[in-house]
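Here is the structure we will look at, set down as structure tokens.
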């Protein structure tokens, strides 16, 4: 039910953090997996790291906001197909409304939302030809729960969750499922300094029922599930992986 042999997967933002964890898991499940990012050297370092674990991945370097067609071409070059697209690219600008200029707000929407639409559109012909295409967006618990001083990211992730529902309805007739994963607080390399902050740890223990940060590898099974035959009748959902944070009052 979770076997991805014979499938080709592209993970945008797959060179580090949660994207890398999902790419590793998809490859281990049998998919011919390609990772994308803006920096080729970083991708090559990730590729070498995975190779040391016995996990092979390809590389399709490029900026998802402007190199979409070349990224898709790179992802399909080896196998001539694309069955699974996991879009894990995301940026954050933690400035409140008074401090953030409209052009900065628009720029973040372009990276976190419009680029998601663009890469999905570019991949669509390949996903439609697949016998069981899978489109998976990585959103955030910010899609449905807000913190002060974070308007652009919250708006972008809320829009991405809505886009998931819209495309699920539009593309279901093509035997193509569209779902999203909403991570909560994960102790990735990027926010390791936050995870080490005693004040934030106290907040985590108060707000998350499991009383800890998520481990990066704990996001991976969600991607494998949604990409696999086990999720063949799962369409249009946002799967929250947050240790229970958003359900606790």
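Points to keep in mind about this one:
- Residue among 191, 175, 110 with the largest mean-square fluctuation in a Gaussian network model of the chain, springs linking Cα atoms under 10 Å: 191
- If you take the alpha carbon atoms of segment 189-249 and fit the smallest convex hull around them, that volume is 100 Å³ per residue.
- Calculated FRET value between residue 173 and residue 1, using beta carbons and R₀ = 25 Å, to 0.05: 0.55
- All-pairs Cα distance distribution in segment 62-169, expressed in whole percent, bin size 5 Å: 2, 12, 21, 22, 16, 12, 8, 4, 2, 0
- Helix 151-171 axis versus longest C-alpha principal axis of the chain: approximately 30°, rounded to the nearest ten.
- Whole-Å semi-axes of the chain's equivalent ellipsoid (Cα gyration tensor): 27, 20, 19
- Highest to lowest packing among 229-238, 69-78, scored as the average C-beta count within 10 Å: 69-78, 229-238
- Between helix 115-129 and the chain there is an angle of about 30 degrees, using the helix long axis and the longest principal axis of the Cα atoms.
- The helix-based estimate of mean residue ellipticity at 222 nm for the chain, built from -39,500 (n - 2.57) per DSSP H run of four or more residues and divided by its residue count, is -12000 deg cm²/dmol to the nearest 500.
- Angle between the chain longest axis and helix 17-28 axis [Cα atoms, degrees, rounded to 10]: 30
- Relative contact order, whole percent, for segment 8-241 stands at 21, derived from Cα pairs under 8 Å and 6 or more residues apart.
- Cα-based equivalent ellipsoid, segment 21-109: semi-axes from gyration tensor eigenvalues, Å: 30, 15, 12
Read the figures in this text as sums done on the coordinates, not as results from a lab. Every value quoted in this text rests on a predicted model; they were computed, and no experiment measured them. Backbone-built Cβ (ideal geometry, glycine too); neighbour counts: all protein chains shown.
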